[in-house]
There are 2 protein chains.
Amino acid sequence: MSLRHALLGLLSERPASGYDLLKRFETSLANVWPATQSQMYTELSKLSADGLITVSAEGPRGRKEYTLTDEGLTELRHWLTETRPQRNTRSDLLLRVFFLDVLPPEHARGYLAWLADMSQREYEDLRRLEESIDWGDDPLSVNGRIALEYGLRLNAMRREWAEWAADRIG
Amino acid sequence: MSLRHALLGLLSERPASGYDLLKRFETSLANVWPATQSQMYTELSKLSADGLITVSAEGPRGRKEYTLTDEGLTELRHWLTETRPQRNTRSDLLLRVFFLDVLPPEHARGYLAWLADMSQREYEDLRRLEESIDWGDDPLSVNGRIALEYGLRLNAMRREWAEWAADRIG
DNA sequence: CATTGACATGTCAGTTCTGGAACGTCTAAC
DNA sequence: GTTAGACGTTCCAGAACTGACATGTCAATG
C-alpha cells in the first residue's frame, strides 16, 4: 500500500508524468521500494480517482502531468506522522540461512562467501554513486544522502556478518 | 514464491502437520518470512499436489502429517544452490526517509529518534531471546544463531544510523 | 457434564503484485 | 523519407497475499 505514498512523495517535489516518475523511481526509490511500470500507472489512476493528485497538464503523446493536490499533501503528511512502519520485511537471503544445513558445509560456506562478495560489490557501487552525485544543501540531497548512508552501513555490516558466519560453519 | 521453500525447509528437519508448521513459523521464520495461516495451508495443498511433500500420516481432528519427498528435497537443494536471492526488499522505513523534508525538522528528528528507540528495543528483545535459548551443536542451532546474529547487528547498525541521521537534520 | 482452550483444517472475497503484451507518438539521425 | 529509439499509456492473466470467517475435535478443569 506504500507505493501510493512513494508516488505522493515524489509528486510533492514537483509535478510529473507517469513516465517521469518511472525514471525517477529507477534512480532512487527502486532500492527501497521496487515497483513495476504497470503498478505505477495503475496506482496513478487510483490516486487521481481518489483526488489525491490531479492531471495538471496534457502533453504530446498523451502525456499526462500529475500534480499533488492539497488533499494529497495532507495524506502524505498523515502517513509520515501518524502511521508507523510495521510490515516485517521478507528476506530471501536470511531464509536460506535457516536451511543451510541441508547442503554440504563447503556449499554453505560458498553461499556465505557469495553473500560477502555481493555486499562488498554493492557497497562499492554505492560509494561510487555517492561520489558521482553533487550533493547540495537542498532537502532531497540531505534525505538521499541519509538513505544512501543506510545502504552503505547495511552492506558493510552484511559483509562482516557473512564472513563471521562462514567461520562458524564446518 | 519462497513460502514454498520455507515449508520445504522446515519439513526437511522432520515431518509435521500444518498446525505444527504454523507454530514453528511463529517462533523462528516469522522474522524473516511472515506468512499467514491461510497462506500456509494453501501452500501445503499445492506442494502436496505437486508431489514435493506427501501426507505420511493422519491423526485425530483431521490432522495431516506431511513428509518431504525426494523430489521435494531436490527442489529445496536446487533453490539453495542454483537460485540467488534477488528481490530487493521493500523498506517502509527507508521510504519515509526520502520524504522527511515535507515535515518540519523537529518532526523529522522525532521519527528518527523513534526509529533509534525501536531498534534498541528490538536489539534487546533479540538478546533476551538469545539468552533464553539453549543453543546446542545441532544444525538448526547453528543456523538459528547465525540468523539471530544478523538481527542483532542490523538493529545495532540501525540505531547508530538513526542517531547519526537525526544529527544531520536541521 | 459443561465449558474452555488448544488443536486442526478449510474457504473466500478482495487487493496487490508480476511480467508481460499491445498500442501509438515524436524526434533525431541517416 | 524512413527508421530507430526514446517517449508515453493502457490492459490483462495469473500468482501471491491479507484478513477474515467457518467448522469441528479432543483433553483437561471445575
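Which residues, taken from segment B:46-78, are within 15 Å of DNA strand C (Cβ to nearest atom), out of contact with any Gly (no Cβ under 9 Å at 6 or more places or on another chain) and closer than 15 Å to B:S2 by Cα?
Listed by number, the list holds a single entry, B:K46.
Hey, can you tell me all the residues within segment B:120-148 that are closer than 16 Å to B:T27 by Cα and among the acidic types (D, E)?
Passing the criteria: B:E122, B:D125, B:E130, B:E131, B:D134.
Mind checking whether some residue in segment B:115-126 is within 21 Å of A:L73 (Cβ to Cβ), at pLDDT 90 or above and within 11 Å of chain A (Cβ to nearest Cβ)?
No: segment B:115-126 contains no residue that is within 21 Å of A:L73 (Cβ to Cβ), at pLDDT 90 or above and within 11 Å of chain A (Cβ to nearest Cβ).
Considering each of B:L80, B:L44, B:L11 in turn, give the residue that is of a type outside the set (F, W, Y), more than 16 Å from A:V97 (Cα to Cα) and away from DNA strand D (no atom under 11 Å from the Cβ).
B:L44 is the lone residue from the list that is of a type outside the set (F, W, Y), more than 16 Å from A:V97 (Cα to Cα) and away from DNA strand D (no atom under 11 Å from the Cβ).
Does B:T81 satisfy the condition of being modelled with pLDDT of 95 or more and of a type in the set (V, I, T)? Give the steps one after another, and end with the answer.
Working: modelled with pLDDT of 95 or more: no; of a type in the set (V, I, T): yes.
For B:T81, the condition - modelled with pLDDT of 95 or more and of a type in the set (V, I, T) - is not met.
Quick one: how many residues across segment B:1-28 are away from DNA strand C (no atom under 11 Å from the Cβ), modelled with pLDDT of 90 or more and part of a helix (DSSP H, G or I)?
Here the count works out to 13.
What is the residue count in segment B:66-101 for residues that are facing another protein chain (nearest Cβ under 7 Å), of a type in the set (K, R) and open to solvent by 60 Å² or more (accessible area, probe 1.4 Å)?
Residues in segment B:66-101 being facing another protein chain (nearest Cβ under 7 Å), of a type in the set (K, R) and open to solvent by 60 Å² or more (accessible area, probe 1.4 Å): 3 in total.
Restricting to segment B:132-155, give me the number of residues that are touching a Ser or Thr at 6+ places or on another chain (Cβ under 9 Å) and either surrounded by fewer than 16 Cβ atoms within 10 Å (Cβ to Cβ) or assigned to a loop (DSSP other than H, G, I, E, B) (or both).
Counting residues in segment B:132-155 that are touching a Ser or Thr at 6+ places or on another chain (Cβ under 9 Å) and either surrounded by fewer than 16 Cβ atoms within 10 Å (Cβ to Cβ) or assigned to a loop (DSSP other than H, G, I, E, B) (or both) gives 4.
The values are calculated or read from the model by the stated rules, or taken from the named source; none is laboratory data. These figures come from a predicted structure and were not determined experimentally. For neighbour counting, all protein chains shown are included, and Cβ atoms are generated from backbone atoms with ideal geometry for every residue, glycine included. Heavy atoms of the whole protein, side chains included, go into the accessibility calculation; ligands, DNA and RNA do not. Shrake-Rupley method; radii C 1.70, N 1.55, O 1.52, S 1.80 Å.
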